[in-house]
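One structure is given here, and the rest of the page talks about it.
The values are calculated or read from the model by the stated rules, or taken from the named source; none is laboratory data. Given the structure is predicted, the values throughout are model-derived calculations rather than measurements. Positions of Cβ are generated from backbone atoms using ideal geometry, with glycine treated the same way; all protein chains shown enter the neighbour counts. Side chains are part of the model used for accessible areas, which takes the heavy atoms of the whole protein and leaves out ligands, DNA and RNA. Shrake-Rupley method; radii C 1.70, N 1.55, O 1.52, S 1.80 Å.
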Amino acid sequence: MSAHDPAPTNAATATATAGTETDTDPLLARERAHLNASRAALRAMREDVQALDIRDVTANWVNAAVLESQIEDRIKALADLSHTPLFFGRLDYEHVVGAAEAEGAEGERFYIGRRHVHDADGDPMVIDWRAPVSQAFYQASKKNPLDVGLRRRFGYTAGELTAYEDEHLSDPTEAVHSSKLLQAEIERPRVGPMRDIVATIQPEQDEIVRSGLSGSVCVQGGPGTGKTAVGLHRVAYLLYAHRERLARTGTLIIGPNASFLHYIEQVLPALGELEVKQATVDELVASTPGQVLVTGVDSAATAVVKGDARMARVLRRAVRSHVTLPTEPVMVVRGSRRWRVPAYELEELVRELLARDIRYGAAHDALPQRIAHAVLVQMERSGEAPDDRVQDAVARNPAVKAVVKAVWPAVDPAKLVLRLLSDADFLAEHAEGLLTADEQRALLWTKPPRSVKTAKWTSADAVLIDEANDLVSRTHSLGHVVLDEAQDLSPMQYRAVGRRCSTGSATVLGDLAQGTTPWATASWAEALEHLGKPDAAVEELTAGFRVPREVIAYASRLLPTISPGLTEVASVREAPGSLEVRPVETGALDTAVVGACVESLRHEGSIGLIAADARIPALSAALAAADLPHLAPGEETTAVSRLTLVPASLAKGLEYDYVVLDEPSAVVSGEPDERTGLRRLYVALTRAVSGLTVIHASPLPNQLDTAWAGSAG
């Protein structure tokens, strides 16, 4: 295939709009023809899979069921999604990829898209964006063209290819220019769930996406830097590059709440990945065997202590306290013979297991076998020839079971935590030198429950039980875990996540400035230590592609207070008039907020009304009175219903084209302390993609300069 089309009149940029140049541009017509042919080829690939007959190739119904499931997954992966362009770019290499320059005067052309498509002969029509040959689409530049002669970007309108834009990277006479199509794609109105960013990945993002499976990576990124999308695309890349391994070991995405997970859940299917599970930390620990139902809520002070890493040592002491060194021998009777294992020998076996520091449950299971082996040694010395069946029989002997029950009894993790939170003496014994007296009092229930079932367990309690469960029996590890909004986790929650990737790797995503829990992490080094990944590479994304420059600059005035030393996001988007701060009279606040929503709805795209949680009922009533229907976070916006009423506590990770922020001071005062409140405000201020209107009757926080009052256009 030739790598050279007739150059457009403007070699750097050529676009066409439906109804004008579109109908007369032969180059655009050719690209449309390739798109149509590629879609037809994808349909043929799907039909080929649908036509497979497995009746004669499966040995039994189990194999047939497995194969049918795999075929169904393949059919889903080959779906042609009408709302996602099949390809978004083209690379024309100067030479055959991987060949020396002298070996071919003509290069190769590749169309870059969301999934691989080939024709009836097996020749590629679209190359998966994750393939090595596609990397130059994201990394090539005028300074380092990577043997790319032409990079072409495509623009789409309502699913139709309507524009193209060229960069002749190997042409020294062509000036460097910014991509208008790239900018338009970034700024495209957001209706519905989160979109993929596969067409707009930047070089620094691409390096993170394509980093290897064996190493863990932590991405610090301010609002609008694309860290969540980078993490999701990294999962898609790893599944492409290491599919067989991750199919065995599994992958998991962990988000802060159900609304956030619903918002991001369509990104991976758009990239052809259907089997990645998602969960919150609460859901993760709830899957632990013997877990409890969470119905209670801790005070902030109590939750901080329960989430402290020192609790892991308290639990470890409490678990191991159940071991008692034996003081009596064990007598095993078999037939007419008696075999005596003295107390000192039993003590040696117990001390050896303690010294090995294996899981409590594994040691509990190993002890009867160790005792049985000691008996077998005596049998062999007396001339008998016992085998493994005899050893297993001795291990099940009532006398051996009795000594194991007395020396190394089974531990129920939930009952253990119940006792720690109910029994002051038991807690004091195992928290000595670790927790202060005040911290111990904060942990104890005022009125201890009678049983595990009657206790009002909290989320932090469930994490403690998960830790205790791991001390008893090892938690299953996945191949790769993505942890988003990680800055809000407690040390004990990090440990819970780390157990799920102890033999795998992790991608940690977050922003220290957006830590809005009392136990939010102070540094990524500390967080990664608790996660069990201290050697993870820490990458920082500082270029903003979502929040307008004016808006992020305003929000960044809070950074010196909420996260000193953190690099301010430098937005690449200029949007004059994107910020307006309106002071109003106290009695006119609700009316002003409703009016701002009406104004915002005149624009295209999604609208988010963000307010302190306590203000949500009043604003919901005001919107209803004004006949303005609205959604709750997690409900999908549509072209008809575009306004979402968002409690500030749920705003993190979400984004809207236009945001109306109600009463910033109420957002701050709704949190336990000022720093957490200002961080919550920082989150709320940075959810807008196109415009932000701040409405306030009370004075703004001092950190936000009142000089911004009124229009900030």
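Going through region 581-600 one residue at a time, which ones are farther than 16 Å from PRO701 by Cα and either in contact with a helix residue (DSSP H, G or I) (Cβ under 6 Å, 6 or more places away or on another chain) or open to solvent by 20 Å² or more (accessible area, probe 1.4 Å) (or both)? Walk me through how you get there before you give the answer.
Residues of region 581-600 that are farther than 16 Å from PRO701 by Cα, as a first pass: 585-600.
Residues satisfying the conditions are GLU585, THR586, GLY587, ALA588, ASP590, THR591, ALA592, VAL594, GLY595, VAL598, GLU599.
Among the residues of region 605-617, is there at least one that is on the phi < 0 side of the Ramachandran plot, surrounded by 22 or more Cβ atoms within 10 Å (Cβ to Cβ) and in a loop (DSSP other than H, G, I, E, B)?
Yes, that holds for at least one residue.
Only one of LYS405, LYS415 is closer than 30 Å to LYS453 by Cβ and free of Cβ contacts under 8 Å to residues at least 24 places away in the same chain. Can you tell me which? Write out each step before concluding.
Values: LYS415 fails: free of Cβ contacts under 8 Å to residues at least 24 places away in the same chain.
None of the other options fit; the residue is LYS405.
Being crowded, with 18+ Cβ neighbours inside 10 Å and not small (Gly, Ala, Ser) is the filter here, so list the residues in region 148-160 that pass it.
VAL148, LEU150, ARG151, ARG152, ARG153, PHE154, TYR156
Condition check ((1) at pLDDT below 95; (2) touching a strand residue (DSSP E or B) at 6+ places or on another chain (Cβ under 7 Å); (3) more than 18 Å from ASP461 (Cβ to Cβ); (4) among the small types (Gly, Ala, Ser)) across all residues:
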site	(1), (2), (3), (4)
LEU284	yes, yes, no, no
GLN291	yes, no, no, no
ALA301	yes, no, no, yes
ARG310	no, no, no, no
LEU315	no, no, no, no
VAL319	no, no, no, no
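Condition first: loosely packed, with under 13 Cβ neighbours inside 10 Å and either in contact with an Asp or Glu (Cβ under 6 Å, 6 or more places away or on another chain) or assigned to a helix (DSSP H, G or I) (or both). Now tell me which residues in region 407-428 satisfy that.
Of everything in region 407-428, just one residue is loosely packed, with under 13 Cβ neighbours inside 10 Å and either in contact with an Asp or Glu (Cβ under 6 Å, 6 or more places away or on another chain) or assigned to a helix (DSSP H, G or I) (or both), namely ASP425.
With the requirement that a residue be in contact with a Pro (Cβ under 6 Å, 6 or more places away or on another chain) and in contact (Cβ under 8 Å) with a residue 40 or more places away in the chain, what does region 353-402 give you? Walk me through how you get there before you give the answer.
Within region 353-402, the first condition is being in contact with a Pro (Cβ under 6 Å, 6 or more places away or on another chain), and the residues that meet it are 376, 379, 395, 400.
Selection gives MET379, VAL400.
Just the residues that are part of a loop (DSSP other than H, G, I, E, B), in contact with a strand residue (DSSP E or B) (Cβ under 8 Å, 6 or more places away or on another chain) and not aliphatic (A, V, I, L, M), please, taken from region 627-646.
First pass over region 627-646, keeping only residues part of a loop (DSSP other than H, G, I, E, B): 627-630, 632-642.
Within this subset, residues satisfying the condition of being in contact with a strand residue (DSSP E or B) (Cβ under 8 Å, 6 or more places away or on another chain) are 628-630, 632-633, 635, 637, 641-642.
Within region 627-646, PRO629, HIS630, PRO633, GLU635, THR637, SER641, ARG642 meet the criteria.
What are the pairs with Cβ atoms under 6 angstrom where one residue, in region 668-690, is free of Cβ contacts under 8 Å to residues at least 24 places away in the same chain and the other, located anywhere, is open to solvent by 30 Å² or more (accessible area, probe 1.4 Å)? Sequence gap at least six, or different chains.
Going by the 6 Å Cβ cut-off, the qualifying pairs are GLY677/GLU671.
I'd like the full set of residues that are more than 30 Å from SER490 (Cβ to Cβ), open to solvent by 10 Å² or more (accessible area, probe 1.4 Å), part of a loop (DSSP other than H, G, I, E, B) and not charged (D, E, K, R), limited to region 529-580.
If the condition is that a residue be more than 30 Å from SER490 (Cβ to Cβ), open to solvent by 10 Å² or more (accessible area, probe 1.4 Å), part of a loop (DSSP other than H, G, I, E, B) and not charged (D, E, K, R), then PHE545, VAL572, ALA575, PRO576, GLY577 are the ones that fit.
Does LEU489 satisfy the criteria of being in contact (Cβ under 8 Å) with a residue 40 or more places away in the chain, over 30 Å from ILE562 (Cα atoms), open to solvent by 10 Å² or more (accessible area, probe 1.4 Å) and touching a Gly at 6+ places or on another chain (Cβ under 9 Å)?
Numbers: in contact (Cβ under 8 Å) with a residue 40 or more places away in the chain: yes; over 30 Å from ILE562 (Cα atoms): no; open to solvent by 10 Å² or more (accessible area, probe 1.4 Å): yes; touching a Gly at 6+ places or on another chain (Cβ under 9 Å): yes.
So LEU489 fails the test.
I'd like to know if region 674-684 contains one or more residues that are in a loop (DSSP other than H, G, I, E, B), open to solvent by 10 Å² or more (accessible area, probe 1.4 Å) and either of a type in the set (Gly, Ala, Ser) or under 27 Å from SER556 (Cβ atoms) (or both). Please lay out each step first, then the result.
So the first thing to find is which residues in region 674-684 are in a loop (DSSP other than H, G, I, E, B), and the list is none.
No, the conditions are met nowhere in region 674-684.
Quick test for you: out of VAL463, VAL404, pick the one residue that is in a helix (DSSP H, G or I), farther than 15 Å from ALA312 by Cα and at pLDDT 95 or above. It would help to see each step written out before you state the result.
Numbers: VAL463 fails: farther than 15 Å from ALA312 by Cα.
The match here is VAL404.
Looking at THR507 and the list (1) under 30 Å from SER690 (Cα atoms); (2) modelled with pLDDT of 95 or more; (3) open to solvent by 10 Å² or more (accessible area, probe 1.4 Å), which single condition is not satisfied?
So THR507 meets the others, but not (3).
Residue-by-condition table, conditions (1) open to solvent by 10 Å² or more (accessible area, probe 1.4 Å); (2) within 30 Å of LEU681 (Cα to Cα); (3) hydroxyl-bearing (Ser, Thr, Tyr); (4) modelled with pLDDT of 90 or more:
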position: SER179; (1), (2), (3), (4): yes, no, yes, no
position: GLU185; (1), (2), (3), (4): yes, yes, no, no
position: GLY192; (1), (2), (3), (4): yes, yes, no, no
position: ASP196; (1), (2), (3), (4): yes, yes, no, no
position: ALA199; (1), (2), (3), (4): yes, no, no, no
position: GLY212; (1), (2), (3), (4): yes, no, no, yes
position: HIS233; (1), (2), (3), (4): no, yes, no, yes
position: ILE253; (1), (2), (3), (4): no, yes, no, yes
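Quick check: anything in region 30-50 modelled with pLDDT under 75 and open to solvent by less than 90 Å² (accessible area, probe 1.4 Å)?
Of region 30-50, the ones modelled with pLDDT under 75 are none.
Within region 30-50 (the criterion being modelled with pLDDT under 75 and open to solvent by less than 90 Å² (accessible area, probe 1.4 Å)), the answer is no, since none of the residues qualifies.
Scan region 371-391 for residues that are assigned to a helix (DSSP H, G or I), out of contact with any His (no Cβ under 9 Å at 6 or more places or on another chain) and open to solvent by less than 60 Å² (accessible area, probe 1.4 Å) and jot them down. Working first, answer last.
In the first step, residues of region 371-391 are kept if they are assigned to a helix (DSSP H, G or I); the result is 371-381, 388-391.
Imposing the further condition that a residue be out of contact with any His (no Cβ under 9 Å at 6 or more places or on another chain) reduces the set to 371-381, 388-390.
Once the filter is applied, which keeps residues that are assigned to a helix (DSSP H, G or I), out of contact with any His (no Cβ under 9 Å at 6 or more places or on another chain) and open to solvent by less than 60 Å² (accessible area, probe 1.4 Å), region 371-391 yields ILE371, ALA372, ALA374, VAL375, LEU376, VAL377, GLN378, MET379, VAL390.
Hey, among the residues in region 208-256 that are assigned to a helix (DSSP H, G or I) and without any contact (Cβ under 8 Å) to a residue 60 or more places away in the chain, which one's farthest from the chain's Cα centre (by Cα)?
Taking region 208-256 first, the residues assigned to a helix (DSSP H, G or I) are 208-209, 227-241, 243-249.
Subsequent filtering for residues that are without any contact (Cβ under 8 Å) to a residue 60 or more places away in the chain retains 209, 229, 233, 239, 243-244, 247.
Details: VAL209: 13, ALA229: 9, HIS233: 11, LEU239: 15, ARG243: 19, GLU244: 21, ALA247: 18 Å.
Out of the qualifying residues, it is GLU244.
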